[in-house]
Amino acid sequence: MSTETETETPRATPDPQGTFEPSGVKPMGRKVVSPEVTVLMCVYNEKELIREAVESLFDFQTLEEEWELVVIDDGSTDKTLSILKALQIKYNPNRLRVFSKPHAGLTKGLNFGLNRAKGTYIARSDADDISFPTRLSKQLKFLKKNPEITAVGTAIQIQKLPPTPNPIEKKKNEEKKKEKIKKMSADEIQISDLENSSRILSYPERPLEVHWTSFFYCPLAHPSVMFNRNNLPKGPLYSENNPSGDKGNCDFKYSEDYALWHRLTATGHRLGNLALPPLVSIRKRSNGISSKHKEKQQLASLKIIQHFTSLRIKRRISLKCAMGLFLPIAQFTGQKDQKDTGDKEVTQVFDIIISLEKSLLESSSIKSTVEGEKDSREWVKTDCTKRLGELATMAMKLGLPEARSLWSRWISRDSGKLLSSLLGLKSQS
């Protein structure tokens, strides 16, 4: 394991594992011996964004407890590491600890960083994220008040950024933009500006609601999460392996967070989210990692849903049915036009949703006396009814043979939940 040394000038020191850790400079100010919180970041070629992400933590966080930032430079080939070394001088290398290692990807980088983190609580962040001032203090307060919670996320603000071009492309793009604006009307310019606007996403707050929604979409924003390390399982936290053993073209490293939430909830861990307002701003670029690997991420997500849903309801489901859980209902059923999705799959997805509801609500792992647990159970029932209603309604619109049967099964659920579902469907139309 790496050891930190104090030197007058930054230099890279090889550790016994063959990786490299920038030693930083002689410490300035107080030395953080036992930080309560470690903010963990793994970066690769992020020279455009890394400075602002680090400054948002050190310059604005209101957290009074001791904390540190551990940054894993995953073999960057640009100036990311140089910028980090300069930031170490500015903020104290005992509080900003930087490790450099050969490029191996985010999953391995995060596991590497966890082994070097000193905090009892681990907060995730990425180079393209900005943490709002009260983020760390609010999450730490929540986890201390609720020690049974393993991880808590927050609502997020997503800010769309333009791609990061090389210098030559940047100059050409600026010239093209000037010429384009000359030919645009005021309305066209306004629409163009809106393409870079932000939006806010919130997530289910209570553990049962998080567990339920994990079968349909990723229920926590990874860069917003803080973990209670005391509750985490032993060994590497993040896994690149498909637990079903059926790899195919799927590599879980593109959805390592989604796989983690499923592995945790499947073994009884409780996850939550803080309510609005958002506490993290995620800056997305059209040529960022998520955009580049969008198809691989979607395939990985489908495989994750397929595996963990099969485990939950104790019967194997097809990838097509996993798609029915993951994709918006209209998009899933709309595939019938390409003869990809038929009556059989729609009915199977309907049955799977009912089985998931029954399994979760009957499971002893989610029964507790925590505040709001009864409301969570009703929330799950209402959301389940809404999803069944969407399937039944779409089946009727498409004229599927089993549509009447699905519709009948849907309206046979209790009238209160049906009314809530109808109101939900109306608000979406």
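The values are calculated or read from the model by the stated rules, or taken from the named source; none is laboratory data. What you are looking at is a predicted structure, and each value in this text was computed from that prediction instead of being measured. Here Cβ is always computed from backbone atoms with ideal geometry, including for glycine, and neighbour counts include all displayed protein chains. We work out accessible area using only protein heavy atoms, side chains counted, and drop any ligands, DNA or RNA first. Shrake-Rupley method; radii C 1.70, N 1.55, O 1.52, S 1.80 Å.
Amide H contacts under 5 Å for Val39: Glu68, Leu69, Val70, Ala123, restricted to partners 5 or more places along the chain or on a different chain, H placed in the peptide plane at 1.01 Å from N.
With a threshold of 31 Å on the Cα-Cα distance, the over-threshold entries among Lys118/Lys374; Lys144/Lys303; Lys90/Lys296; Lys303/Lys344 are Lys118/Lys374; Lys144/Lys303; Lys90/Lys296.
In the context of the full protein assembly, Phe326 retains an accessible surface of approximately 50 Å², using a probe radius of 1.4 Å and ignoring ligands and nucleic acids. Residues Lys397, Lys358 ordered from highest to lowest accessible area at a 1.4 Å probe: Lys397, Lys358. Do any chymotrypsin sites (Phe, Trp or Tyr not before Pro) in the range 39-83 lie in a DSSP loop with no more than 14 other beta carbon atoms within 10 Å, and if so, which? Answer by residue number: Phe60. Once all protein chains are placed together, Glu65 keeps about 70 Å² accessible to a 1.4 angstrom probe.
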